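What follows is a single structure, written as structure tokens, with notes after it.
No value in this document is a laboratory result; all are computed from the given coordinates. For clarity, every value in this text was computed on a predicted model and none was experimentally measured. Using ideal geometry, Cβ is built from the backbone for each residue, glycine included, and neighbour counts are taken over all protein chains shown.
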Amino acid sequence: MSETDTRVPLLRTEKLTRHFTIGNLFSRTNLHAVDDADLVIHEREIVALAGESGSGKSTIARLLAMVYKPTAGEIYFRDKPLSSLRSRTDVLGYRSEVPMVFQDPFASLNPAHRISHGIMRTLKLHRRELDAAGRQAEAERVLTEVGLTPAGEVLNKYPYEFSGGQRQRVGFAQALAAKPKLILADEPVSMLDVSIRIGLLNLMAELREKEGVSLLYITHDIASARYVSDRLVIMYAGQIVETGATEDVLHNPKHPYTQLLLSAVPDPRAPLRVTAQTDRGEPPKVINPTPGCRFRSRCPLAIDICERVDPQPRLLGINHSAACHVATADPNTPKVAVGATEQDGHE
Amino acid sequence: MSSAPILEVTDLVVEYAAPQGQVGAVDHVSFDLAPGEFLGVVGESGCGKSTLLFAIAQLLSPPAAITGGAVHFKGRNLVGLTDKMLAASRWQDLSVVMQSAMNAFNPVKTIGAQFKDAIKAHQKWSKDKIRERSAEVLRLVGIDPIHVKSYPHQLSGGMRQRAMIAMALLFTPELIIMDEPTSALDVVAQRSLMVQIKELQAELGFAVIFVTHDMSLVSHFSDRLAVMYAGQIAEIGATRAVFDSPAHPYSKGLLDAFPSIRGPRVHMTGIPGNPPALLNPPPGCRFAPRCPVVLPRCHDTPPELYPVRDVLVRCLLHENVKGGAHV
């Protein structure tokens, strides 16, 4: 990434918020799934969104896929607010540029239809310019692109004839058929066996190279996030707590939660060390939250202010920011007012 | 560990009856477990690791059945015993923590009531003793005993998993079999649970067989590691030995498939291909079709377990290495 990024981001969110009302008429509460998320994704960039289950990462994916409407905040795609998309054509257009790949390869393909079904539907819906021969050629091209060959035969097979890893490749082929700019991949490898996960991660990197797409890779597995991503975004309890270049975040984690998370990642190559971290806390369900840092009850560094004031993202290193009152900045970080740095902070 | 093994599995064969014939899910598996030992069993889905556990605990139900071999627990062969005969051992000497333990509790009964059920099935204890012991085991796993009166949904995932382990500890068994107990947990909760299992083990001295697909998870916790592939043990030995110098190409491939958060970022390849169908396994080495260092004879000669340093490896590459010679 360049020093001061003046490019228009492919996708950008501003104070993106989604609450869910739970309970019945008599005991209504508000679950804060995502609060004030500022996320930036550039062209040809792989951004990993990592966090524990319930931290709101899938909700962000669904907001970006227009499955949910934001409670507050806005999503800008090429600087155009999504709330301004009115006609079905506009919405379809956006969806074809930002398709989603789902977690469960066994549930996301209809077992009664051949592989061609999903891909052809995508092509008919989103690629009106193609005739029948063009669709066939394009379907074969996307299947070849994801490594399923001979594509002509693959098209006529049923999902049960494929393994989990191959099905997930079909999912990526369907996404590719829509000529995407950004693929939302929600835990695409978490249901796959370890030995084939890497193949899928490599595929994601290849798609960026060959097709020029950006990817939002949602995962709870930091190690795989590191393997493919340029930038890492860490979520905790519905908020983005840290963002930065992947290697910066891993080698110089600013937020105490990121530090805890990294210390818990099992690593067979690391020397034996059983006693390192014995935090027994768990992320809170964010129901009708009060102000204050959501990590404070587990935080070893918590001070007074953490009880009262929501920490805002602060720029603490080069393009590296964390939402923490206590975290210290790297020595030569330019001092800029927080509001003004919001965007650069996520570069 | 010099004491007599608490568990001896010899030549265990488990087959599933399928319309097309017998499917050998566990194929001549043998190993010993010493008292207080922690054995990790890793492998991909469908490698037979869960079936192996069920076979050891005698929990298989048709179409699966043990068709050969023996499981000696504390000197007694469990294979072929009736439920009534097994009842004396079950839960008291040997307990099981199931996969997705999070959902293994009955949602409409309190934790305490379910503990009571388990106790009553095996012992005639007074109400007070039951209450006392239930509170005690919850305290052991770090849950406030107040939760005896809680329903499962009132506990978080990690707490439910701990409660499940507490339940397995009711009679302080000598062997606890765990089938991916942490698979539904986040890394932080997962690590703290592993540390806790280790602490309890040190305190109470039970042996553990821990099945998981996540090799890195057990790397710091198990004494010995068994890597399973297509129903067979591919490699078994001291955990550090397997991790530091994996001898079987499959263990090596599996280990190389884990990206690391430390060290340089390197390009990885994983293991191409898929595990074989067990209905008609390859005649030679079962890993041969995916093996990067395959020899011509691997395709027709089934390998035995050969000793290499202090591990046993099912790979023809190590056939001529004489065991023990260069320990």
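Structure notes:
- At R0 = 60 Å, FRET efficiency that the Cβ-Cβ distance of A:Arg28 and B:Lys124 yields, to 0.05: 0.80
- Relative to the longest principal axis of the Cα atoms of chain B, helix B:111-122 runs at roughly 80 degrees.
- Percent RCO, i.e. relative contact order, over chain A, from Cα pairs under 8 Å lying at least 6 residues apart: 20
- Helix B:157-168 vs. chain B, principal-axis angle (Cα, 0 to 90°, nearest 10): 80
- The calculated FRET efficiency for the pair A:Asp104 and B:Ser3, based on their C-beta separation and a Förster distance of 51 Å, comes to about 0.65.
- q = 0.12, 0.14 Å⁻¹, chain A: log10 I(q)/I(0) [Debye, one scatterer per Cα]: -0.91, -1.18
- Value of relative contact order over chain B, rounded to a whole percent, pairs C-alpha under 8 Å and six or more apart: 19
- Between B:Ala18, B:Ala207, B:Ala113, the GNM of chain B built on Cα springs shorter than 10 angstrom shows B:Ala18 fluctuating the most.
- For the residues of B:247-255, the average number of beta carbons from a partner chain within 10 Å of their own beta carbon is 1.
- Over all Cα atoms in the protein assembly as shown, the spread is summed up by Rg and Dmax: 26.7, 79 Å.
- Antiparallel bridge percentage (DSSP; both residues within the protein assembly as shown; nearest 5): 60
- The mean count of C-beta atoms from other chains within 10 Å of the C-beta of residues in B:208-221, rounded to a whole number, is 3.
- Gain on full stretching of the segment that runs from A:Asp330 to A:Ile303 - 0.36 nm per residue minus C-alpha separation: 7.7 nm
- Only Cα sites of the range B:161-233 enter the Debye sum here, all with the same form factor; the resulting log10 I(q)/I(0) across q = 0.12, 0.28 1/Å is -0.32, -1.58, listed in q order.
- Cysteines (scope chain A) whose Cβ has no counterpart Cys Cβ under 4.7 Å: A:Cys299, A:Cys324
- Theoretical ellipticity at 222 nm over chain A - DSSP helices of four or more residues, -39500 (n - 2.57) apiece, nearest 500: -9000 deg cm²/dmol
- Antiparallel DSSP beta bridges within the range B:176-327, as percent of all bridges there, nearest 5: 75
- A crude spin-label estimate for the pair A:Asp90 and A:Lys210, with each label 7 Å from Cα along the Cβ direction, gives 3.5 nm.
- Extent along principal axes [Cα atoms of the range B:21-148; Å; largest to smallest]: 50, 31, 30
- Span per principal axis, largest first, for the Cα atoms of the range A:133-189 (Å): 31, 27, 15
- Aspartates and glutamates with Cα under 18 Å of A:Lys210, excluding same-chain neighbours fewer than 8 positions away: A:Glu43, A:Glu45, A:Glu97, A:Glu138, A:Glu140, A:Glu145, A:Asp230
- Taking the Cα atoms of the range B:276-325, the ratio Rg/Rh between the radius of gyration and the Kirkwood radius comes to 1.02.
- Fraction of alpha-carbon pairs over 16 Å apart in the range A:116-159 - percent: 29
- Cα gyration tensor shape of the range A:69-123, rounded if a/c is under 1.5, else prolate or oblate by comparing a/b with b/c: prolate
- Averaged over peptide A:185-198, the number of partner chain Cβ atoms lying within 10 Å of each residue's Cβ comes to 5.
- Straight-line cross-link partners of A:Lys157 among the lysines, defined as a Cα under 25 Å from its Cα and at least 8 positions apart when in the same chain: A:Lys124, A:Lys179.
- Percentage relative contact order, the range B:153-309, counting C-alpha pairs under 8 Å, at least six apart: 14
- Along chain B, the exposed loop sites are GluC sites (Glu not before Pro) outside DSSP states H, G, I, E and B with at most 15 other Cβ atoms within 10 Å, and the longest stretch free of them is B:1-303.
- Prolate/oblate/rounded call for the range B:129-182, Cα gyration tensor, a/c under 1.5 rounded: oblate
- Reach of B:Lys124 by Cα under 16 Å, taken over aspartates and glutamates that are not fewer than 8 positions away in the same chain: B:Glu132
- Where labels lie 7 Å past Cα in the beta-carbon direction, separation of B:Leu86 and A:Arg7 in nm: 6.0
- Karplus (6.51, -1.76, 1.60) ³J(HN,Hα), θ = phi - 60°, over the range A:88-105, in Hz, Gly and Pro reported as x: 4, 4, 4, 5, 4, x, 5, 5, 6, 7, 10, x, 10, 10, 9, 6, 9, x
- 0 to 90° range, to nearest 10: angle between helix A:115-126 axis and chain A longest Cα axis: 80
- Rg(Cα)/(2.2 N^0.38 Å) for the range A:31-188, N = residue count: 1.10
- Value of Rg to Rh for chain B (Rh from inverse mean 1/r over Cα pairs, i.e. Kirkwood): 0.98
- Out-of-range pairs (alpha-carbon distance over 32 Å; input B:Lys74/B:Lys252; A:Lys15/A:Lys254; A:Lys254/B:Lys49; B:Lys116/B:Lys198; B:Lys74/B:Lys109; B:Lys120/B:Lys198): B:Lys74/B:Lys252; A:Lys254/B:Lys49; B:Lys74/B:Lys109
- Loop-resident trypsin sites (Lys or Arg not before Pro) (DSSP state other than H, G, I, E or B) in the range B:109-148 with no more than 11 further Cβ atoms inside 10 Å of their Cβ: B:Lys124.
- DSSP bridge orientation in chain B - percent antiparallel, rounded to nearest 5: 60
- Cα shape, the range A:202-266, gyration tensor, a/c 1.5 rule: prolate
- A:Leu130-B:Arg262 FRET efficiency (beta carbon distance; Förster radius 41 Å; 0.05 resolution): 0.30
- Among the GluC sites (Glu not before Pro) found in the range A:77-160, those both in a DSSP coil and sparsely packed, with 13 or fewer other Cβ atoms within 10 Å of their Cβ, are A:Glu129.
- Debye log10 I(q)/I(0) at q = 0.18 Å⁻¹ for the range B:103-206, Cα point scatterers: -0.86
- Mean Cβ neighbour count within 10 Å, used as a protection proxy, ranking A:103-110, B:157-164, A:244-251 highest first: B:157-164, A:244-251, A:103-110
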